[in-house]
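Structure first, then comments.
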Amino acid sequence: MAEDKKIEYDFAAHERPLFQAWKDAGYFQRSKGFGKHAGESYTIVIPPPNVTGVLHMGHALNDTIQDTCIRRARMRGFQTRWILGTDHAGIATQTKVDKHLAEQGINRREIGREAFIEACQEWRLQYGTTIVNQISMMGCSCDYEDEQFSMSEEFSQAVRKVFVDWYHDDLIYRGKRIVNWCPSCTTAIADDEAEYEDEKGHLWYLRYPLTEPVDGMDYIVVATTRPETMLGDTGVAVSPQDERYKHLIGKTVMLPIVNREIPIFADFYVDKEFGTGCVKVTPAHDPNDYAMGERHDLPRVNIFDETAHVVEGYGDLSGMDRDEAREAVVAKFEEMGLLDHIEDHDHSVMHCYRCHNKLEPWLSEQWFVAVDELKRRAAEVVEDGTIQFFPARWSQVYLDWIANLKDWCISRQLWWGHRIPMFYCDECGWQDASLEDIDTCPACGAKVRQDDDVLDTWFSSQLWPFATQKWAQLGNESPDLVKHYPTQVLSTARDIMGLWVARMVMSSLYCTHQIPFYHVLIHPTVMGADGKPMSKSRGNGVDPVELMKNYGADGMRFGLLMQVTGAQAMRFDYQKIESSRNFANKIRNAARFVMMHLDGYTPGEPKLTTPADMCIFSRLATLIKDVDAAFETYDFGEITRSLYPFFWNEFCDWYIEFSKSRLSADNDPEDRLNCQRNLVFILDQSIRLLHPIMPFVTEEIYQQLPCEKDSPYLIGAVWPDAEDFEKYCNTSAERSIELVCQVISAIRSSRARYGISPKTPLDVVVKANDADVELLNSEKALVESIGAARLSAAADASKPAESSAVLSAGVEVYVCLSGLVDFEAERARLSKERAKVDADVAKLTKKLSNKGFLAKAAPEIIEKDRGKLADLTDRLARIDEQLENL
RNA sequence: GGUCGAUUGGCGCAGCGGGAGCGCAGGUGCCUUACAAGCACAAGGUCGGGGGUUCAAAUCCCUCAUCGACCACCA
């Protein structure tokens with residue numbers, strides 16, 4: 001039978017129309033604001049997803065976080081704006097399109113630059129559309145009618161303006177440097193884009209013959225992990241502190257194979273403990289060697305072409321790729337008797353973060369951004385707290401990154417991207433950066449050419465927060481910027497802290513003289529269920545679209561936020577998503593319950609007439625405060641941990657249960673109406689608090705609930721104001737309900753322990769103090785209906801014969817069992833309980849006889865413990881009494 | 001090599017100086033007319049090891065162990 005009920009819920013069928021309704025009603029556009037925050041803006045720029053792929057879990061989490069923030073801000077009356085857009089992702093897209101074309105047998109070089117860019121445009125339109133659709137499936141309330149793109153006409157103007165300005169301000173310069181070169185992508189990439197991977201390798205010990213033997217020595221031995229680069233050696237370095245080689249400094253060796261005479265010199269960089277203490281120096285193919293080469297004025301011999309094949313002039317080695325060349329070089333050394341020996345050696349090797357091929361440090365002409373001035377100010381705004389990180393410890397990571405920053409290589413030898421706006425005249429040598437394309441040389445009139453390279457994707461991404469707001473067109477007075485800048489919060493995972501976050505700060509401070517955002521929220525990285533990064537090869541990936549289909553967007557959103565902590569990573573947990581789906585279902589059912597009991601309902605102010613009313617309103621007041629506080633620190637885990645138990649346990653499990661008898665047709669109509677109004681009110685406030693996280697189910701309920709509508713849609717409704725609810729705080733009502741619940745639980749517990757059906761009515765006797773007795777008597781109907789019992793409470797009640805007892809602080813609950821009790825079992829249970837209470841009494845007694853404790857502990861703590869001890873001692877006595885009675 | 005983080009019931013996690021909690025799994029009993037994607041009840045942990053501070057430590061400090069991330073990198 002149960003099987004029949006398991007109908008698949010069609011989430012999309014419920015979610016899509018709501019999304020469309022919001023969109024049609026214009027809620028995704030900038031909100032106008034209302035109430036006390038009406039004059040304040042709250043803006044978020046979405047970290048633009050790359051146009052290379054589809055939505056992944058990282059996006060799902062990050063976009064949920066942003067939508068949750070923006071929805072709450074909208075409900076609080078801020079003027080909200082969530083800027084949507086995508087990133088052209090230069091190297092990533094080019095790689096994908098290359099591959100895509102290759103599958104059709106097309107080579108990029110054959111079709112040429114223009115045709116290739118066209119292919120990229122097609123690709124980005126397709127994938128850009130896909131990913132924006134997926135964002136909308138999540139319910140994200142960003143401005144879909146103002147979609148940005150990092151290579152749009154408008155955005156390109158900004159990129160160009162920044163390049164030209166920075167070039168003229170001497171922040172951008174050109175230089176021949178060692179850069180990380182990807183021989184597969186045939187482009188330079190920035191240091192931050194290189195990934196180190198540990199590899200098992202070898203150390204080859206090579207003999208370099210001395211040009212003239214010294215003291216009987218014919219050769220020196222160098223150790224290297226890359227023997228093939230010896231072709232480009234222009235020196236051998238030793239440590240200045242190394243006595244072994246002191247006499248060789250100034251001498252020369254004859255480089256084998258190429259027969260070049262190269263000097264032996266001393267340099268502080270050399271560690272005399274490593275290898276033989278002699279280092280072969282290849283300035284053109286190693287950054288450290290390059291530095292040594294600069295210090296000692298060594299020539300740079302480039303032995304590789306752009307695809308890492310040996311260039312002309314090296315005989316049979318020419319044309320070999322670097323791996324072949326390595327084998328060949330080692331073989332030649334062996335033939336010549338110059339291979340001393342080989343050792344195993346593990347080391348880390350740089351790989352391209354896109355294609356994962358080994359990178360080659362390669363000498364080439366590139367464009368750089370000088371970062372010294374930029375980075376100083378970018379550090380200041382974090383040090384002085386103008387920009388705050390959440391969790392705060394990430395600010396140190398940011399500052400460390402900034403501190404280690406070196407000049408940034410921004411040119412890429414790609415076709416897909418912002419072409420560098422530099423123009424050169426080959427006739428007269430004129431060159432300049434220009435906002436407009438230039439055909440003829442202003443100096444000599446000859447034809448000029450534009451630089452072939454494009455800019456690093458991050459050069460454009462860094463402008464995202466302000467270039468999307470008409471900065472290039474209208475400057476810092478752009479109305480968008482005046483209203484919506486700085487943005488409120490930037491939410492991202494930590495991996496692009498340096499690549500993106502820090503650079504946005506640097507460029508924004510320079511270009512707009514403002515910080516780009518007040519808060520940086522670093523959320524945990526979503527790992528697979530195995531705790532490892534999600535990846536195709538591991539097969540531990542989870543598809544958000546699939547998740548939304550099976551659990552609903554609300555379920556996915558709540559489930560993801562449930563897992564958010566201050567940690568660096570979170571392990572994806574299906575169970576959390578599943579319980580969130582169940583939670584959404586619970587909300588739906590609770591609403592259904594309320595709405596099917598609204599016969600004769602008329603709207604009106606809530607009226608709190610019972611302790612249950614006062615209790616749930618008091619708990620609601622606390623909830624609002626807790627949720628607000630958790631939002632202040634972006635503690636989404638805490639937010640869900642407040643909302644979930646309130647709604648499920650306090651509202652559904654207790655308050656709704658308490659309401660049932662009041663809702664029956666034969667109850668006093670006025671009491672019934674009060675109850676209905678209170679239910680509607682609590683439900684109304686609950687869905688407001690839940691809406692930022694679970695927009696769909698809450699909106700669906702809002703549309704049907706006859707609550708007071710301050711907005712046609714919940715998305716535009718007013719967020720509960722904690723101050724307005726303070727009047728409902730009522731700890732004594734909370735304690736009263738706690739007592740009622742305790743008694744009901746005690747009855748249920750006895751029932752369960754002795755296997756008595758919930759339908760069998762039981763006689764229950766409660767002994768308690770006068771106040772509690774009064775309360776229980778006033779709530780008698782409640783206890784009796786929920787506990788299926790006949791209750792009598794009295795201060796001087798005594799234990800009826802043949803009853804089970806549940807004792808708690810100040811209250812004794814006796815359930816008459818009329819011969820159903822297994823006294824042995826009851827005795828055993830009581831004995832066990834006695835042992836526990838006895839142990840607690842001993843512990844507390846010891847604590848309270850400790851002079852140090854009495855002298856130094858806070859008085860209220862001591863009072864609390866004394867009270868606790870009195871309770872426990874009392875309880876112990878009563879347990880003993882029970883045991884005797886048995 | 002440097003920095004930061006983690007170690008709490010079977011699993012995943014919260015709590016971060018004064019009574020060990022949540023979700024899920026597992027156990028028992030319930031198709032109680034909002035919900036079996038549910039309800040009720042019960043069980044389960046000397047909070048990684050050791051030391052210290054404190055009247056009081058899962059919580060603060062030190063140390064060890066294990067795991068993880070980031071940065072740097074020795075040819």
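The set of residues from region A:129-188 being over 19 Å from A:SER508 (Cβ atoms), among the polar types (S, T, N, Q), outside any helix (DSSP H, G or I) and open to solvent by less than 20 Å² (accessible area, probe 1.4 Å) comprises A:SER141, A:ASN180, A:THR186, A:THR187.
The C-beta contact set for region A:834-863 (first residue more than 29 Å from A:VAL806 (Cβ to Cβ), second residue charged (D, E, K, R), distance under 6 angstrom, 6+ apart or interchain) comprises A:PHE853/A:LYS847. Can you find even one residue in region A:441-451 that is buried (at least 24 other Cβ atoms within 10 Å of the Cβ), within 30 Å of A:THR95 (Cβ to Cβ) and in contact with a strand residue (DSSP E or B) (Cβ under 7 Å, 6 or more places away or on another chain)? Checked region A:441-451: no residue is buried (at least 24 other Cβ atoms within 10 Å of the Cβ), within 30 Å of A:THR95 (Cβ to Cβ) and in contact with a strand residue (DSSP E or B) (Cβ under 7 Å, 6 or more places away or on another chain). Residues of region A:189-222 that are within 9 Å of RNA strand B (Cβ to nearest atom) and either open to solvent by 20 Å² or more (accessible area, probe 1.4 Å) or in a helix (DSSP H, G or I) (or both): A:ASP191, A:ASP192, A:GLU195, A:TYR196, A:GLU197, A:ASP198. Considered as a group, the residues in region A:580-599 that are assigned to a loop (DSSP other than H, G, I, E, B) and near RNA strand B (Cβ under 8 Å from one of its atoms) include one that is most open to solvent (accessible area, probe 1.4 Å), and that residue is A:MET596. Looking across region A:243-279, just one residue is surrounded by 14 or more Cβ atoms within 10 Å (Cβ to Cβ), away from RNA strand B (no atom under 12 Å from the Cβ) and in a helix (DSSP H, G or I), and that is A:LEU248. Across region A:736-756, which residue is surrounded by the most Cβ atoms within 10 Å (Cβ to Cβ) among those that are out of contact with any Pro (no Cβ under 7 Å at 6 or more places or on another chain) and within 16 Å of A:SER778 (Cα to Cα)? Across region A:736-756, the extreme among qualifying residues is A:VAL743.
Residue-by-condition table, conditions (1) within 26 Å of A:ALA789 (Cβ to Cβ); (2) at pLDDT 75 or above; (3) within 13 Å of RNA strand B (Cβ to nearest atom):
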{"residue": "A:SER818", "(1), (2), (3)": "yes, no, no"}
{"residue": "A:GLU824", "(1), (2), (3)": "yes, no, no"}
{"residue": "A:SER831", "(1), (2), (3)": "no, no, yes"}
{"residue": "A:LYS836", "(1), (2), (3)": "no, no, yes"}
{"residue": "A:GLU863", "(1), (2), (3)": "no, yes, yes"}
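I'm checking my understanding of the structure. Among residues of region A:722-735 that are surrounded by 14 or more Cβ atoms within 10 Å (Cβ to Cβ) and away from RNA strand B (no atom under 16 Å from the Cβ), which one is nearest to the chain's Cα centre (by Cα)? Per the criteria, the residue is A:ALA722.
The condition (being of a type in the set (D, E, K, R), surrounded by 15 or more Cβ atoms within 10 Å (Cβ to Cβ) and within 27 Å of A:ARG412 (Cα to Cα)) is satisfied by just one residue among A:ASP67, A:ASP98: A:ASP98. A:GLY539 falls short on exactly one of the conditions (1) modelled with pLDDT of 90 or more; (2) farther than 27 Å from A:GLU699 by Cα, and that condition is (1). For region A:746-797, filtering for residues that are within 16 Å of RNA strand B (Cβ to nearest atom), part of a helix (DSSP H, G or I) and touching a residue at least 12 places away in the same chain (Cβ under 8 Å) leaves 13. For region A:565-579, the set of residues classified as of a type outside the set (D, E, K, R) and either farther than 13 Å from A:MET57 by Cα or assigned to a helix (DSSP H, G or I) (or both) consists of A:THR565, A:GLY566, A:ALA567, A:GLN568, A:TYR574, A:GLN575, A:ILE577, A:SER579, listed by residue number.
One residue stands out in region A:798-815 among those that are within 21 Å of A:SER736 (Cβ to Cβ) and not in a strand (DSSP E or B): the one that is most open to solvent (accessible area, probe 1.4 Å), namely A:ALA809.
The values are calculated or read from the model by the stated rules, or taken from the named source; none is laboratory data. The model shown is predicted, which means the values in this text are computed figures rather than measured ones. Cβ coordinates were reconstructed from backbone atoms using ideal geometry, including for glycine residues, and neighbour counts include every protein chain displayed. Note: accessible area is taken over every heavy atom of the protein model, side chains too, but ligands, DNA and RNA are not part of it. Shrake-Rupley method; radii C 1.70, N 1.55, O 1.52, S 1.80 Å.
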